[in-house]
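Below is one structure; the comments refer to it alone.
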Amino acid sequence: DGPISNLPGKDKLLADSAFLQGKELLRAGEYGAAADAFREASNLRPGALEYALFAAWSAYLSTGRDQKWRDMLVELCDKTLAQD
């Protein structure tokens, strides 16, 4: 129970890394690759709604604003606001 117990778990570190990678890809306009990175982050940390929200937003952009992704975005926004 020393200082090591305060360190984040491997999944959290991997998720945070994937999330940061997704943000860089999003900035570069690589929406499909960003969606993949955000989905990876979301899968590693299913409780982090922000990651799922970014995944849906990137997928929405990469599919030419497909209605399916818009509906998912609205649902995730509602969940995120309720959690916040």
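The set of residues in segment 16-33 that are over 16 Å from A48 (Cβ atoms) and part of a helix (DSSP H, G or I) comprises E24, L25, L26, R27, Y31, G32, A33.
This table checks each residue for (1) under 14 Å from the mean Cα position of the chain (by Cα); (2) of a type in the set (D, E, K, R); (3) open to solvent by 80 Å² or more (accessible area, probe 1.4 Å).
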site: G9; (1), (2), (3): no, no, no
site: G22; (1), (2), (3): yes, no, no
site: L25; (1), (2), (3): yes, no, no
site: A34; (1), (2), (3): yes, no, no
site: G47; (1), (2), (3): yes, no, no
site: F54; (1), (2), (3): yes, no, no
site: Y60; (1), (2), (3): yes, no, no
site: R70; (1), (2), (3): no, yes, yes
site: A82; (1), (2), (3): no, no, yes
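Restrict the check to segment 67-76 and report whether at least one residue is of a type in the set (D, E) and out of contact with any helix residue (DSSP H, G or I) (no Cβ under 8 Å at 6 or more places or on another chain). So far as segment 67-76 goes, yes, one or more of its residues are of a type in the set (D, E) and out of contact with any helix residue (DSSP H, G or I) (no Cβ under 8 Å at 6 or more places or on another chain). Close Cβ contacts (under 7 Å, 6 or more residues apart or on different chains) running from residues in segment 64-78 that are within 20 Å of E30 (Cβ to Cβ) to residues that are assigned to a loop (DSSP other than H, G, I, E, B) comprise W69/T63. So, of the residues in segment 36-45 that are surrounded by 20 or more Cβ atoms within 10 Å (Cβ to Cβ) and touching a Gly at 6+ places or on another chain (Cβ under 9 Å), which turns out to be nearest to K10 (Cα to Cα)? Here the answer is A41. For Y51, are the conditions met, namely being of a type in the set (S, T, Y) and in contact with a Ser or Thr (Cβ under 6 Å, 6 or more places away or on another chain)? The answer is yes for Y51. Taken over segment 37-75, residues that are part of a helix (DSSP H, G or I) and of a type in the set (V, I, T) amount to 1.
The values are calculated or read from the model by the stated rules, or taken from the named source; none is laboratory data. Because the structure is a prediction, the values reported are computed rather than measured. Cβ sites come from the backbone with ideal geometry, for glycine too, and all protein chains shown count toward neighbours. These area figures cover heavy atoms from the full protein model, side chains too; ligands, DNA and RNA do not enter into them. Shrake-Rupley method; radii C 1.70, N 1.55, O 1.52, S 1.80 Å.
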